[in-house]
Amino acid sequence: MSDRQQEFPFSPELCSSLPAACRKQNGSWLVGLVVFSVILLCAAWLPSGGSPHVGSAAAVLPLELIYLPDYAFQTMGRMVAGLLLSLLSALLCVAFIFRSRWGAKCLLPLLDVGQSFPVLAIPPLVLPFFQHQMPAQSGCAEVVVVLTIWCSQFWGMVQVLCQRFYGVPAELEDVVCCFGLTSWQKFWQLEVPFAIPALVRKTMLSMGGSWFAALYAESTVLDGHNWLFAGIGSYVRQAVSDRNVVALLASLLSMLVVIALFDQLLFRPLSAWAVRFQPSKVGEPHLAEPWFLKLLRRTRVFRLIVLFCVETGRRLSRLPLGERYGQDRKIDLVSKYDWIWLGLGLLFVGVAGTLAWQHLHAVYGFPVIFAVVLSDSMTALRVFVLVGLVSFLWIPLGVWLGLKSSYAGHVQRLVQYCSVIPANLFFPLWAAGLMCCPLVSSVWQAPLIVLGAQWYIALGVLAGVSAYPSDLLEAARNLNVRRSLWWRKVLLPGILPYYLAGLVAATSSAWNAAIAAEWLVWGQTTLKLNGIGSFVASTAAKGDVSAVALGAVAMCLFMMLLNAFLWRPLSDYVSRRLKLN
């Protein structure tokens with residue numbers, strides 16, 4: 001199969017923030033502060049100390065290889081359930097955002113907060129609640145894992161759907177007005193089909209983080225709360241407890257098989273199907289159908305099921321629900337009560353912040369709060385340094401490989417596969433290596449933070465070089481532009497949008513992975529690296545839900561400030577000044 005049949009395009013919009021028009025019309029910084037204040041107030045008033053133990057006795061998962069296919073099958077089932085739940089909830093959320101002015105003002109700021117909240121802190125936070133609601137039931141563990149997968153996919157799906165909905169061409173909007181479609185018909189016949197290609201690419205790009213979160217949630221539920229259920233993550237945690245390297249290698253091999261099955265049976269057919277919704281260019285080669293899609297189309301039962309689903313979908317999309325669409329409805333009138341809402345919002349933020357500070361100071365004291373802030377700063381410094389080092393590695397290497405047209409497609413395909421593999425499968429092996437070398441400093445634990453995040457930077461650089469116009473490179477070569485001038489004036493400005501998108505995704509992934517990378521367990525030994533990640537992981541191991549919430553809120557606040565004052569201004573600047581069209 002050719003490169004065109006294998007790869008999926010990396011686009012800067014898959015990792016960037018919401019478009020400026022969306023933020024100006026519907027987003028509100030005040031609502032974002034109110035949402036964060038509510039989260040801070042809830043985290044401050046959680047009961048401190050260890051959570052009550054509810055569940056069975058300490059469970060031991062059998063490590064025989066004959067059970068591993070069953071564990072892998074159950075992990076795949078949870079992933080499919082999480083993806084379907086994320087897709088349905090994202091469509092409902094975006095429909096509410098684009099059909100309600102107040103819904104947009106409330107949900108878009110919540111989107112910023114949700115994207116900044118660490119996914120790996122979800123299991124220890126929500127597990128005590130489900131333990132109380134479903135005591136002595138294994139279904140609690142299933143709900144926690146599916147909810148963690150949902151959190152890793154939902155926010156990205158909503159973001160890319162909002163971007164594509166705001167990017168619908170004006171001529172298609174005119175067609176909708178001419179045909180007099182209702183809001184329901186416009187949603188299903190124009191906006192959703194227009195967003196399908198980007199939605200499929202975003203889901204594929206986020207699968208590495210979803211597998212990471214799923215395996216971490218499974219291992220947390222098994223070991224921290226003694227719930228007996230099967231999964232690759234719980235299998236890895238049991239192998240770590242027994243120091244079984246053979247079981248770890250077997251779990252890594254089974255995970256590679258699972259990723260290959262998802263790629264062949266789900267994402268390749270989806271990619272081939274999504275191309276039909278993408279405007280084609282003259283002379284562009286078509287994406288060949290994968291073997292599994294050809295096999296399904298030759299199956300009579302599958303054809304009947306598809307025809308039934310297509311006909312049902314067409315009838316539902318043509319229902320005359322909602323008002324007739326008119327472009328004049330987009331006018332956003334300023335209410336005379338905006339100043340009143342502004343004052344009430346600021347008052348609520350001030351009261352919530354004061355109450356949260358008083359309670360946190362009374363429970364933990366100023367030294368603990370200062371330690372949390374210091375740990376947050378240490379992890380932030382570690383993430384920025386490591387991401388910078390990875391950038392210095394992948395920018396020249398990616399440019400060199402991208403300009404080699406014979407290697408670019410193969411390298412990009414290899415990097416795509418590497419980005420899907422969950423990096424936490426390698427953490428126990430790294431910990432075992434550090435334990436075998438006692439003279440090695442604990443600073444070598446830090447590279448695990450960017451072990452999986454580096455592939456986003458590599459994808460961004462390779463995609464930027466592949467998309468760079470060849471005529472501009474030829475013009476620079478004819479003008480004898482070389483060395484530093486060539487880098488500063490020719491190549492770097494052209495690949496900067498792609499690199500910035502990969503950098504944002506890599507920073508977010510590394511920041512989230514710090515919870516698992518700064519707290520490594522091998523047998524009965526724990527390798528700790530001071531930072532906010534180790535603070536959250538250590539308090540989760542003790543069952544202190546309030547301390548976990550405090551660390552998670554600190555991580556969320558840092559990411560929100562980083563998005564507001566660094567990534568979003570940089571993205572807006574790049575979109576304005578560094579376009580090749």
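The set of residues in segment 292-305 that are free of Cβ contacts under 8 Å to residues at least 24 places away in the same chain and touching a Lys or Arg at 6+ places or on another chain (Cβ under 8 Å) comprises ARG297, ARG303.
Return the only residue of VAL176, VAL146 being under 21 Å from the mean Cα position of the chain (by Cα) and touching a residue at least 60 places away in the same chain (Cβ under 8 Å). Step through it out loud before you land on a result.
Details: VAL176 fails: under 21 Å from the mean Cα position of the chain (by Cα).
It is VAL146.
Criterion applied to VAL521, VAL504 was being in contact with a Cys (Cβ under 7 Å, 6 or more places away or on another chain) and in the same structural domain as MET559 (by TED's automatic domain parsing), and the one residue passing it is VAL504.
Going by the conditions given, is ALA541 crowded, with 20+ Cβ neighbours inside 10 Å and either assigned by TED's automatic domain parsing to the domain that holds LEU492 or not small (Gly, Ala, Ser) (or both)? Considered against the rule, which asks whether it is crowded, with 20+ Cβ neighbours inside 10 Å and either assigned by TED's automatic domain parsing to the domain that holds LEU492 or not small (Gly, Ala, Ser) (or both), ALA541 comes out as no. Yes or no: segment 458-470 includes at least one residue that is in contact with a helix residue (DSSP H, G or I) (Cβ under 8 Å, 6 or more places away or on another chain), among the polar types (S, T, N, Q) and modelled with pLDDT under 85. So far as segment 458-470 goes, no, none of its residues is in contact with a helix residue (DSSP H, G or I) (Cβ under 8 Å, 6 or more places away or on another chain), among the polar types (S, T, N, Q) and modelled with pLDDT under 85.
A quick yes/no check of all residues on (1) under 25 Å from ALA274 (Cα atoms); (2) touching a helix residue (DSSP H, G or I) at 6+ places or on another chain (Cβ under 9 Å); (3) hydrophobic (A, V, I, L, M, F, W, C); (4) part of a helix (DSSP H, G or I):
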| site | (1), (2), (3), (4) |
| --- | --- |
| PRO193 | yes, yes, no, yes |
| SER234 | no, yes, no, yes |
| MET255 | no, yes, yes, yes |
| VAL258 | yes, yes, yes, yes |
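Per the listing LEU403, LEU393, LEU397, LEU425, the residue uniquely surrounded by 12 or more Cβ atoms within 10 Å (Cβ to Cβ) and over 26 Å from the mean Cα position of the chain (by Cα) is LEU403. Going through (1) modelled with pLDDT of 90 or more; (2) touching a helix residue (DSSP H, G or I) at 6+ places or on another chain (Cβ under 6 Å) one by one, SER508 falls short only on (2).
The values are calculated or read from the model by the stated rules, or taken from the named source; none is laboratory data. All figures in this text were calculated on a predicted structure; none of them were measured in a lab. Cβ coordinates were reconstructed from backbone atoms using ideal geometry, including for glycine residues, and neighbour counts include every protein chain displayed.
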